[in-house]
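Asker: Quick one: this structure, given as structure tokens, is what I'll be asking you about.
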Amino acid sequence: MGLSKTIWTNPTEFLRSQHPDTPVLFFSPSRAQAAARRFIDGFPGMVTYAVKSNPTEVMVENLAAAGIRGYDCASPFEIDLIRRLAPDAAIHYNNPVRARHEIAYAVERGVKSYSVDSKSELAKLIEMVLAEGTEISVRFKLPVAGAAYNFGAKFGATSELAVELLKTVAAAGYIPSMTFHPGTQCTDPAAWEAYIREAAVIAADAGVTIARLNVGGGFPSHRLNAVEPQLEETFALIDRVASEAFGADRPLLVCEPGRALCGDAFALAARVKAVRDDLHLFLNDGVYGALAELPLIGVIDRIEVLQPDGTRRAGEPAPRIVFGPTCDSVDRLPGELMLPEDIAEGDYVVWQGMGSYSTVTNTRFNGFGELQIATVLGLTL
């Protein structure tokens, strides 16, 4: 995956000039930094970036330049990435399951913040991590509606277990905190309210005053034309409910957006390989490439189609079954995409909002997956 050294005006200029036969991700530094400033200016607490959503160096460097000072890391690789690109930043190692060698590595690299959701994993931390100056956040879960998928299916303690864990954390001398994740792509601001109020109940039942409450990721990126993310409304709700629920014991707030920071900073261009019998469309990218997330949480309909000379296709929208390039029948986008009826081989299908879970999930299955990144001043075609 290569990054172009030339800065192009927009994706159209690049496609018209270069006629790439492999998929291209277009990166807009101004979009990345604007997203960071929106969170820094609006969220009532510390903003950290979930590195897993897009760990490209250009993304991290631009977030750091915009003022992001904390990073949620899930592996030693991500810890090293942040130590190299943003050496003074805070690192939160919030993957709740870590092998002992991974914990030892994090301690060696100066990590002072961890999350936990089980007795056995907490025992590892107590065994291996000095308590002084170290934060341990207890992660809990609730049933949640309004998310694309439920993170609680894999991570998070029940409220009852969270009380036990929080008591143990405080008694062992660590900085007691709490964290949750309302579920990915939460478009309803109210999804955070139940979690914040339950966090206050858990802290009260444990008899522990928590230092910080991490309200997780889940902040949505712009995937559908008809659904604009309500970030400011979400920030305001979190601020209000935290004060109502905790009162004088209100903790400092932390968030860890991933897709909401990186999603809109990238657009993807995939080229049409074939239009088969005026029904099936084959692209040079698919679910084994940068489009891997679409079958999991649904399509992005912010799509335009360009001819090789850069002009837009203007035919009436028609439903198409869209396949990727591999010789695998599951390499298909969900449902049918409404695309111009005159779309043809050699055209480019351009998706906006493709920064999250695209670069990092791209594979070379079947020999496909060569993906380049081009830097652009803006993403408007």
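Asker: Given the conditions (1) surrounded by fewer than 17 Cβ atoms within 10 Å (Cβ to Cβ); (2) among the charged types (D, E, K, R); (3) closer than 17 Å to Phe180 by Cα; (4) modelled with pLDDT of 95 or more, report the number of the one that Arg100 does not fulfil.
Answerer: Among (1) surrounded by fewer than 17 Cβ atoms within 10 Å (Cβ to Cβ); (2) among the charged types (D, E, K, R); (3) closer than 17 Å to Phe180 by Cα; (4) modelled with pLDDT of 95 or more, the lone unmet condition for Arg100 is (3).
Asker: For region 6-29, does any single residue satisfy the condition of being touching a Lys or Arg at 6+ places or on another chain (Cβ under 8 Å), closer than 30 Å to Asn284 by Cα and outside the structural domain of Gly353 (by TED's automatic domain parsing)?
Answerer: Looking for residues that are touching a Lys or Arg at 6+ places or on another chain (Cβ under 8 Å), closer than 30 Å to Asn284 by Cα and outside the structural domain of Gly353 (by TED's automatic domain parsing), one finds none in region 6-29, hence no.
Asker: Any residue in region 153-164 that's farther than 11 Å from Phe180 by Cβ and assigned by TED's automatic domain parsing to the domain that holds Ile202: show its pairings with residues that are part of a helix (DSSP H, G or I) and among the charged types (D, E, K, R) at Cβ separation under 6 Å, as long as the two are six or more apart or on different chains.
Answerer: Correct list of pairs: Val163/Asp205.
Asker: Considering each of Tyr288, Tyr357 in turn, give the residue that is in contact with a Pro (Cβ under 9 Å, 6 or more places away or on another chain) and aromatic (Phe, Trp, Tyr).
Answerer: Residue meeting the stated conditions: Tyr288.
Residues are listed down the side, and each one gets a yes or a no for (1) of a type in the set (A, V, I, L, M); (2) surrounded by fewer than 19 Cβ atoms within 10 Å (Cβ to Cβ); (3) closer than 24 Å to Leu213 by Cα:
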position: Ala36; (1), (2), (3): yes, no, yes
position: Phe43; (1), (2), (3): no, no, yes
position: Glu57; (1), (2), (3): no, yes, no
position: Ile68; (1), (2), (3): yes, no, yes
position: Phe77; (1), (2), (3): no, yes, no
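Asker: Just one of Tyr93, Tyr114 is buried (at least 18 other Cβ atoms within 10 Å of the Cβ), out of contact with any Pro (no Cβ under 6 Å at 6 or more places or on another chain) and under 25 Å from Gly207 (Cβ atoms); which is it?
Answerer: Matching residue, one of Tyr93, Tyr114: Tyr114.
Asker: I want to confirm something. Restricting to region 112-154 and keeping residues that are assigned to a helix (DSSP H, G or I), modelled with pLDDT of 95 or more and small (Gly, Ala, Ser), which single residue is farthest from Thr187 (Cα to Cα)?
Answerer: So the residue we want is Ala123.
Asker: Regarding Glu198, is this residue at pLDDT 95 or above and surrounded by fewer than 18 Cβ atoms within 10 Å (Cβ to Cβ)?
Answerer: No, not satisfied.
Asker: Thr361 passes all but one of (1) of a type in the set (Val, Ile, Thr); (2) within 23 Å of Ser221 (Cα to Cα); (3) not in a loop (DSSP other than H, G, I, E, B); which number fails?
Answerer: (3)
Asker: From Ser243, Ser177, grab the single residue that is of a type in the set (Ser, Thr, Tyr) and in a helix (DSSP H, G or I).
Answerer: Ser243
Asker: Which residue pairs have Cβ atoms closer than 6 Å, lie 6 or more positions apart in sequence or on different chains, and pair a first residue in region 115-126 that is within 14 Å of Leu166 (Cβ to Cβ) and without any contact (Cβ under 8 Å) to a residue 60 or more places away in the chain with a second residue that is part of a helix (DSSP H, G or I) and not β-branched (Val, Ile, Thr)?
Answerer: Val116/Leu122; Leu122/Leu165
Asker: Considering (1) hydrophobic (A, V, I, L, M, F, W, C); (2) more than 20 Å from Met46 (Cβ to Cβ); (3) in contact with a helix residue (DSSP H, G or I) (Cβ under 6 Å, 6 or more places away or on another chain), say which one Val201 fails and leave the rest.
Answerer: (3)
Asker: What is the number of the single condition among (1) buried (at least 18 other Cβ atoms within 10 Å of the Cβ); (2) basic (Lys, Arg); (3) under 12 Å from Phe246 (Cβ atoms) that Arg223 does not meet?
Answerer: Failed condition: (3).
Asker: Given (1) over 30 Å from Gln33 (Cβ atoms); (2) assigned to a strand (DSSP E or B); (3) not assigned by TED's automatic domain parsing to the domain that holds Thr12, identify the lone condition not met by Ile321.
Answerer: Every condition holds for Ile321 apart from (3).
Asker: So, of the residues in region 29-70 that are small (Gly, Ala, Ser) and within 28 Å of Arg250 (Cβ to Cβ), which turns out to be nearest to the chain's Cα centre (by Cα)?
Answerer: Ala50
Asker: Which is modelled with pLDDT under 95, touching a strand residue (DSSP E or B) at 6+ places or on another chain (Cβ under 9 Å) and at positive phi, of Gly367, Gly298, Gly353, Gly346?
Answerer: The conditions single out Gly298.
Asker: OK, next. Before we move on, is Phe323 hydrophobic (A, V, I, L, M, F, W, C) and modelled with pLDDT under 95?
Answerer: no
Asker: When region 331-358 is examined, which residues are found to be exposed (fewer than 15 other Cβ atoms within 10 Å of the Cβ) and assigned to a strand (DSSP E or B)?
Answerer: Met338 - this is the single residue of region 331-358 that is exposed (fewer than 15 other Cβ atoms within 10 Å of the Cβ) and assigned to a strand (DSSP E or B).
Asker: While we're here: Tally up the residues in region 249-289 that are part of a loop (DSSP other than H, G, I, E, B) and of a type in the set (A, V, I, L, M), please.
Answerer: To start, the set of residues in region 249-289 that are part of a loop (DSSP other than H, G, I, E, B) comprises 250-251, 256-258, 277-279, 284-289.
In the following step, the residues that additionally are of a type in the set (A, V, I, L, M) were identified as 279, 287.
Count: 2.
Asker: Ile210 versus (1) among the aliphatic types (A, V, I, L, M); (2) part of a helix (DSSP H, G or I); (3) touching a strand residue (DSSP E or B) at 6+ places or on another chain (Cβ under 9 Å): which is the lone unmet condition?
Answerer: The single condition Ile210 does not satisfy is (2).
The values are calculated or read from the model by the stated rules, or taken from the named source; none is laboratory data. These numbers were taken from a predicted model, which means no experiment stands behind them. Using ideal geometry, Cβ is built from the backbone for each residue, glycine included, and neighbour counts are taken over all protein chains shown.
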